[in-house]
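Trainee: Let me give you the structure first, and then I'll get to my questions.
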Amino acid sequence: AQKITQTQPGMFVQEKEAVTLDCTYDTSDQSYGLFWYKQPSSGEMIFLIYQGSYDEQNATEGRYSLNFQKARKSANLVISASQLGDSAMYFCAMREGKAAGNKLTFGGGTRVLVKP
Amino acid sequence: DTGVSQNPRHKITKRGQNVTFRCDPISEHNRLYWYRQTLGQGPEFLTYFQNEAQLEKSRLLSDRFSAERPKGSFSTLEIQRTEQGDSAMYLCASSTWTARGNNEQFFGPGTRLTVL
């Protein structure tokens, strides 16, 4: 089974509107971390936001928020007030286990195109 | 520039040749990771180091691949007898312990390998 599933291969969003990117995960670990990264056409992976499995509140970082539903094993990314510069690939990733340095497992990504 | 750097940024080689990539992590980051990303996919974990010790290797890392981090600073990834299937973006990332425990990985710009 896929550990990280992103079901939306591509999305259009109007500038200044909000967009939600879906991510579901699969793990038997109680301790894990969920990450979202942005990859513009230049190729570099840019860290956006983190949610720990024991965090009771949803993470927020500026215009990014993470809708964490533990029972459903989902960690959707919400981008508010979309900007043209938000056009990029977005990857959801998971780190399993207690060891904070563990590898990341990535989903297949969602391509977002912001329309003016 | 204090981010993760990778050299070269692009490499074109003929099948059967050996190639070596270099990664310089963020200063004082003790963990260093290598990932491979093929077109349209999310990054896949290859290996990681804590200081100079190589702690985990993926099954993707065949015996033609070798990675080193001799002094716990920069790292090299060598691919011997390259095959066309090795064509991909090779990403390096580094991280260190944080009080929050998120330990996000910071990625370099990648080395794009094309095997002809």
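Where a number appears in this text, it was derived from the coordinates with a stated rule and is not lab data. Because the structure is a prediction, the values reported are computed rather than measured. Ideal geometry is used to build each Cβ from the backbone, glycine not excepted, and the neighbour counts take in all protein chains shown.
Trainee: Quick one: if you stick a label point 7 Å off each Cα along the C-beta vector at residue B:98 and residue A:8, how many nm between them?
Mentor: Distance between the two pseudo-spin positions: 2.5 nm.
Trainee: Would you kindly state how much longer the chain becomes between residue A:20 and residue A:41 on full extension, computed as 0.36 nm times their sequence separation minus their alpha carbon distance, in nm to one decimal?
Mentor: Working: separation 21, 0.36 × 21 = 7.56 nm, distance 2.04 nm.
Answer, rounded to one decimal: 5.5 nm.
Trainee: Name the chymotrypsin sites (Phe, Trp or Tyr not before Pro) in region A:27-64 that are in a loop by DSSP and that have at most 15 other C-beta atoms within 10 Å, would you? Walk me through the intermediate numbers first.
Mentor: Values: sites: A:32, A:35, A:36, A:37, A:47, A:50, A:54, A:64; in loops: A:54.
Hits after loop and neighbour filter: A:54.
Trainee: Something else: For region B:41-116, run through the chymotrypsin sites (Phe, Trp or Tyr not before Pro) and keep only the ones in DSSP coil with at most 14 other Cβ atoms within 10 Å of their Cβ.
Mentor: Hits after loop and neighbour filter: B:97.
Trainee: From the Cα gyration tensor of chain A, with a ≥ b ≥ c the square roots of its eigenvalues, which class applies: rounded if a/c is under 1.5, or else prolate if a/b is larger than b/c, or else oblate? Before the final figure, lay out each step's value.
Mentor: Details: a/c = 1.90, a/b = 1.67, b/c = 1.14.
It comes out prolate by the Cα gyration axes.
Trainee: Which pairs in the list A:38/A:70; A:16/A:38; A:73/A:115; A:3/A:38; A:3/B:14 are over 26 Å apart, alpha-carbon to alpha-carbon? Intermediate results must be reported in sequence, preceding the final value.
Mentor: On the way: A:38/A:70 23 Å; A:16/A:38 18 Å; A:73/A:115 31 Å; A:3/A:38 19 Å; A:3/B:14 35 Å.
The answer is A:73/A:115; A:3/B:14.
Trainee: Subtract the Cα-Cα distance of residue B:56 and residue B:78 from 0.36 nm times their separation in residues, and report this length gain in nm to one decimal.
Mentor: Details: separation 22, 0.36 × 22 = 7.92 nm, distance 1.65 nm.
Full-extension gain reported as 6.3 nm.
Trainee: For A:46, A:79, what's the fewest-to-most ordering of other Cβ within 10 Å of each Cβ? Show your work: numbers first, answer last.
Mentor: Numbers: A:46 14, A:79 23.
Taking fewest neighbouring Cβ atoms as first place, the list is A:46, A:79.
Trainee: Give the order of A:31, B:75 when sorted by the count of other beta carbons within 10 angstrom, beginning with the fewest. Provide the component values of the computation, followed by the final result.
Mentor: Values: A:31 15, B:75 26.
Fewest-to-most ranking of A:31, B:75: A:31, B:75.
Trainee: Using the Cα centre of chain B as the reference point, and only Cβ charges (+1 on K/R, -1 on D/E), how large is the resulting charge dipole? Debye, rounded to the nearest 20. It would help to have the intermediate numbers written out before the result.
Mentor: Numbers: 15 positive and 12 negative charges, 67 e Å.
It comes to approximately 320 debye.
Trainee: Let me ask you something else. Evaluate the distance, in nm, between pseudo-label points positioned 7 Å from the Cα of residue B:68 and of residue A:54 along their respective Cα→Cβ axes.
Mentor: 4.0
Trainee: Additional query: Sort B:12, B:79 by Cβ crowding within 10 Å, fewest neighbours at the top.
Mentor: On the way: B:12 12, B:79 23.
Listing B:12, B:79 from fewest to most nearby Cβ atoms yields B:12, B:79.
Trainee: Give me the distance between the Cα centres of region A:1-45 and region B:3-76, rounded to whole Å.
Mentor: 24
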